[in-house]
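Structure first, commentary second.
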Amino acid sequence: MLRRIKGGVHPHDEKKSTDDKKIAVLPLPKKLFVPVHQHIGQPSVPVVKAGDEVKKGQLIAESADGRGTPVHSPTSGKVTEIGNYPHPLYGKSPCVVIESDGLDQWQEGLLTDRSWEVLSAAEMIDIIFKNGIVGMGGAAFPTHIKLSPPKDKKIDTLIVNAAECEPYLTSDYRTMIEYADDVIKGTQIVMKILGVQKGFIGIENNKPKAISLMKEKCKGKKIEVVELETKYPQGAEKMMIKAILDKEVPSGKLPMDVGCAVQNVGSLKAVADAVEKNIPLIERVVTVTGRTVKNPVNVMAKVGTPFTELFDFCGGFRGANGKIIMGGPMMGMAQVSLDAVVVKATSGIVSIADNEVDLKEELACIRCGRCIDVCTMRLLPNVLSILSEKGQHQTAQTDYNLMDCVECGCCYYVCPSRRNIVHYIRQSKAKNAMLRNAIKTGSK
Amino acid sequence: METKETTANIQKPEKLVITSSPHVHNTESVTKIMWIVNLTLLPAAIFSVINFGLPALITMLLCIAGSAACEAAIQYWRKVKVTVSDGSAVLTGLLLAMCLPAGIAWYVPVIASVAAIGIAKHTMGGLGHNVFNPAHIGRAFVMASYPVAMTTWAVSRIGNSADFAGAMGKVADFDVVTGATPLGILKQQGYQALVDSFGGQSAMYKALFIGNTGGSLGETSAILLILGGLVLVIKKYIKWQVPVVMIGTVALFTWIFGGKVDGKLVYFTGDPVLHILSGGLIIGAFFMATDMVTTPLTTQGQVLFAFGCGLITVLIRLYGGYPEGVCYSILLMNALTPLIDRYIFPKKFGSLPEPVTRS
Ligand code: SF4
Ligand code: SF4
């Protein structure tokens with residue numbers, strides 16, 4: 001049965017240019033700029049210094065408060081510097097710069113060969129934490145925290161998010177095709193950790209190969225493959241749960257409040273690698289694509305690889321670039337330069353051609369209601385944008401559910417007045433957060 | 001910005017555009033929508049020129065030029081960007097012309113245009129901010145100011161000469177034969193007189209459907225208007241529920257309450273077909289009650305709006321002083337739109353009671 005969601009949009013999926021391309025291996029870059037801030041939360045702290053020799057997989061940064069995730073060296077070589085370099089999300093951010101020695105040597109005694117079945121849940125959570133695994137769909141939320149829900153939340157279902165609803169991106173798809181066994185193993189591991197009996201893999205029906213492959217691999221396991229309608233934002237956590245379980249996560253709550261955990265395909269492969277082979281998260285599949293990229297690819301890239309290396313691997317550009325986006329075009333982050341590097345959350349890098357960039361002037365809302373029709377959170381995006389414009393950020397929050405917006409961008413996508421509603425909403429959220437902080441510090 | 005040493009030697013883009021997400025759009029725009037709506041009205045507009053001749057064309061051009069010029073003048077004066085090219089003023093002018101009789105004195109369309117654009121649209125703040133449908137404000141304004149001129153309806157040339165070729169031959173003709181509209185006859189002389197004037201009921205329906213009757217420019221060619229409206233429905237520029245509900249409401253209530261025998265009301269004897277095909281209901285339901293700016297935001301709200309329009313139209317037609325009523329019903333419902341929007345809106349995600357858990 002095909003599962004559908006209400007609202008949402010159908011952007012051109014643009015996946016053709018990479019969906020049949022095998023994951024290539026990037027030649028070893030000369031220098032890697034590994035950011036120590038790779039998850040949501042406080043940045044980790046470097047534990048190496050300039051001049052140190054490092055091996056592949058060696059710990060190079062550690063969480064200061066124990067809640068963040070550690071960072072490991074993606075290759076062997078020498079630390080030349082710890083300095084601020086462009087990060088795709090946080091402007092300039094501290095990076096451990098590693099000059100590769102070209103050997104790509106693993107740290108001695110690091111790799112193991114063990115079976116997940118003999119390990120206990122607590123042991124596996126510890127392994128996942130130590131190997132620096134985060135949500136690889138874009139949010140970069142530390143996986144070990146997600147897998148340790150408070151005692152009072154009973155989780156009974158695991159959902160594997162394999163929708164990949166963003167246009168252009170094919171990294172999850174290729175991971176499923178080429179690492180199907182690892183993905184399934186990761187799913188079983190997480191099911192064991194959470195103690196759940198039922199797992200679902202949600203895949204959009206524009207990926208029939210992945211659906212049939214996964215169905216075959218899931219035979220005899222407690223995992224069910226669910227076909228989802230191809231529609232953006234099907235891969236948003238709450239939509240996924242709605243489509244598969246027909247449960248609505250209450251506003252302000254998390255999936256665990258409806259007894260559910262959602263994991264991304266890439267993260268599950270990383271989990272499997274970590275638990276069985278003790279491989280830390282040091283590389284990931286990245287889709288490098290866009291109209292101006294000569295040979296779009298899916299590539300296994302090491303964390304810390306500059307974007308320039310990736311585009312170089314694609315044969316460079318044809319035609320003028322307008323934007324470079326990390327992530328998909330609906331929710332991704334526009335980049336200031338090509339100097340930013342691959343991080344654990346980089347699912348893709350998309351170039352938007354000069355002539356595709358649409359800078360049409362924003363007009364007044366003509367009350368067409370299209371944004372309301374597509375808002376999957378069932379908000380009034382037009383009202384939110386107008387309130388933000390007028391500076392009534394508090395009203396937006398108290399009366400119009402500002403905080404429920406997931407910033408999926410569907411409202412902007414359909415707005416004939418080209419109102420950048422999402423931007424307005426972000427502004428309101430930021431203003432309100434500032435106000436809250438001011439009140440907090442004021443009352444101290 | 002310092003650059004990093006890498007082995008890569010690709011040419012870096014000189015400048016990149018930075019905006020917040022999303023970075024793609026479905027390419028719809030206000031301008032595109034407005035011009036397409038204009039286009040869908042064009043067949044009916046051309047038909048009205050054939051039907052009423054040059055005077056219709058002149059009325060139409062006066063309205064369009066008047067609206068566009070008025071918008072340009074106001075925006076120039078306010079020192080804001082002149083947005084005539086977005087097609088919305090042209091659309092207002094065209095819709096306004098469709099509500100006026102052919103061959104009306106030149107100053108009436110001009111004054112109506114100024115009322116539509118100047119008063120209804122720009123005093124409210126321009127496109128997107130107006131509460132009332134500008135074209136209908138323009139019409140209501142001149143209806144109040146020039147009641148005689150506004151009820152002196154041109155009579156269809158095709159209808160009179162019973163052939164297209166004859167009408168085509170006379171397109172450049174300035175003479176306007178005036179007469180009453182079907183609903184006018186119905187109001188003053190009763191149903192039987194109306195049927196007789198067409199020479200039978202089926203002849204009447206046919207004449208109404210094709211457009212061989214008297215009336216305003218846009219009142220006459222139901223079929224072309226419906227075709228235009230269908231294009232809008234298919235393109236998802238309007239929701240099918242709105243015209244269906246509005247027309248359906250009118251049909252239902254005129255059928256129940258519209259029939260009279262010997263001057264006395266007899267239920268379920270009204271003639272819904274007559275009411276659907278005349279008095280500008282079709283153009284109102286497809287093109288005016290679906291105006292984005294002045295109608296509710298949500299589909300449910302729009303359905304309520306359409307129902308209200310239909311109901312008020314029937315009240316005016318059957319019990320009011322005017323033979324038609326589409327214009328006033330839509331204006332009245334425009335006034336209720338903010339209220340409808342206040343009470344009808346989607347319930348946010350996650351606020352529904354939890355469904356029974358599936359096993
Ligand atoms: S208001 Fe927020 S949740 Fe709704 S469509 Fe816009 S970005 Fe998405
Ligand atoms: S889509 Fe744009 S113009 Fe239409 S109601 Fe929403 S904000 Fe207004």
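The values are calculated or read from the model by the stated rules, or taken from the named source; none is laboratory data. Keep in mind it's a predicted model, so treat the numbers as computed, not measured. Cβ atoms come from the backbone with ideal geometry, glycine included; neighbour counts cover every protein chain shown.
Here are some notes:
- Elements of type helices (runs of 4 or more DSSP H) contained in the stretch A:121-214, each with 3 or more residues being crowded, with 18+ Cβ neighbours inside 10 Å, of a type in the set (Val, Ile, Thr) and in contact with a strand residue (DSSP E or B) (Cβ under 9 Å, 6 or more places away or on another chain): A:180-194
- The stretch B:108-129 residues that are within 13 Å of B:GLY93 (Cα to Cα) and away from every other protein chain (no Cβ under 14 Å), paired with ones that are of a type in the set (Phe, Trp, Tyr) and outside any helix (DSSP H, G or I) (beta carbon under 9 Å, 6 or more apart): B:VAL108/B:TYR146; B:ILE111/B:TYR146; B:ALA120/B:PHE132
- Test result for B:ALA120, within 17 Å of B:MET292 (Cβ to Cβ), in a helix (DSSP H, G or I) and within 20 Å of the chain's Cα centre (by Cα): yes
- Selection within the stretch A:60-96 - out of contact with any Cys (no Cβ under 9 Å at 6 or more places or on another chain) and aromatic (Phe, Trp, Tyr): A:TYR90
- Flag for A:ILE98 being buried (at least 20 other Cβ atoms within 10 Å of the Cβ) and within 14 Å of chain B (Cβ to nearest Cβ): yes
- Residues in the stretch A:1-48 that are touching a Gly at 6+ places or on another chain (Cβ under 8 Å) and among the basic types (Lys, Arg): A:ARG3 only.
- Selection within the stretch A:60-86 - surrounded by fewer than 21 Cβ atoms within 10 Å (Cβ to Cβ) and in contact (Cβ under 8 Å) with a residue 40 or more places away in the chain: A:ARG67, A:THR80
The rows are residues; the columns are (1) in contact with an Asp or Glu (Cβ under 9 Å, 6 or more places away or on another chain); (2) in the same structural domain as A:GLY328 (by TED's automatic domain parsing); (3) under 21 Å from A:GLY138 (Cα atoms).
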residue: A:GLU389; (1), (2), (3): no, no, no
residue: A:ASN401; (1), (2), (3): no, no, no
residue: A:VAL406; (1), (2), (3): yes, no, yes
residue: A:CYS410; (1), (2), (3): no, no, yes
residue: A:CYS415; (1), (2), (3): yes, no, no
residue: A:ARG418; (1), (2), (3): yes, no, no
residue: A:HIS423; (1), (2), (3): no, no, yes
residue: A:SER428; (1), (2), (3): no, no, no
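- Leading residue by the ranking (nearest to ligand 2 (Cβ to nearest atom)) among those in the stretch A:408-437 that are assigned to a helix (DSSP H, G or I) and among the charged types (D, E, K, R): A:ARG426
- Breaking point among (1) hydrophobic (A, V, I, L, M, F, W, C); (2) closer than 22 Å to A:VAL374 by Cβ; (3) in contact (Cβ under 8 Å) with a residue 60 or more places away in the chain, for A:VAL249: (3)
- Set A:ASP339, A:ASP404, A:ASP358: member being in contact (Cβ under 8 Å) with a residue 24 or more places away in the chain, within 16 Å of ligand 2 (Cβ to nearest atom) and surrounded by fewer than 23 Cβ atoms within 10 Å (Cβ to Cβ): A:ASP358
- Only one of the numbered conditions (1) more than 7 Å from chain B (Cβ to nearest Cβ); (2) more than 16 Å from ligand 2 (Cβ to nearest atom) is violated by A:ILE352, and that is (1).
- Within the stretch B:87-107, tally of residues that are without any contact (Cβ under 8 Å) to a residue 60 or more places away in the chain and within 18 Å of the chain's Cα centre (by Cα): 9
- A:ARG318 satisfies every condition listed in (1) away from ligand 1 (no atom under 16 Å from the Cβ); (2) of a type outside the set (Ser, Thr, Tyr); (3) touching a residue at least 60 places away in the same chain (Cβ under 8 Å) except (3).
- Selection within the stretch B:29-64 - within 14 Å of another protein chain (Cβ to nearest Cβ) and in contact with a helix residue (DSSP H, G or I) (Cβ under 7 Å, 6 or more places away or on another chain): B:VAL30, B:THR31, B:MET34, B:VAL37
- Residue in the stretch A:387-399 that is facing another protein chain (nearest Cβ under 10 Å) and either in a helix (DSSP H, G or I) or more than 9 Å from ligand 2 (Cβ to nearest atom) (or both) present: no
- Within the stretch A:377-396, tally of residues that are surrounded by fewer than 19 Cβ atoms within 10 Å (Cβ to Cβ) and either within 28 Å of the chain's Cα centre (by Cα) or of a type in the set (Gly, Ala, Ser) (or both): 1
- Every pair of residues 6+ apart whose Cβ atoms lie under 6 Å, when the first sits in the stretch A:368-379 and is more than 7 Å from chain B (Cβ to nearest Cβ) while the second is in a helix (DSSP H, G or I): A:ARG370/A:VAL414; A:CYS371/A:PRO381; A:CYS371/A:ASN382; A:CYS371/A:CYS411; A:VAL374/A:CYS410; A:VAL374/A:VAL414; A:CYS375/A:PRO381; A:CYS375/A:CYS411
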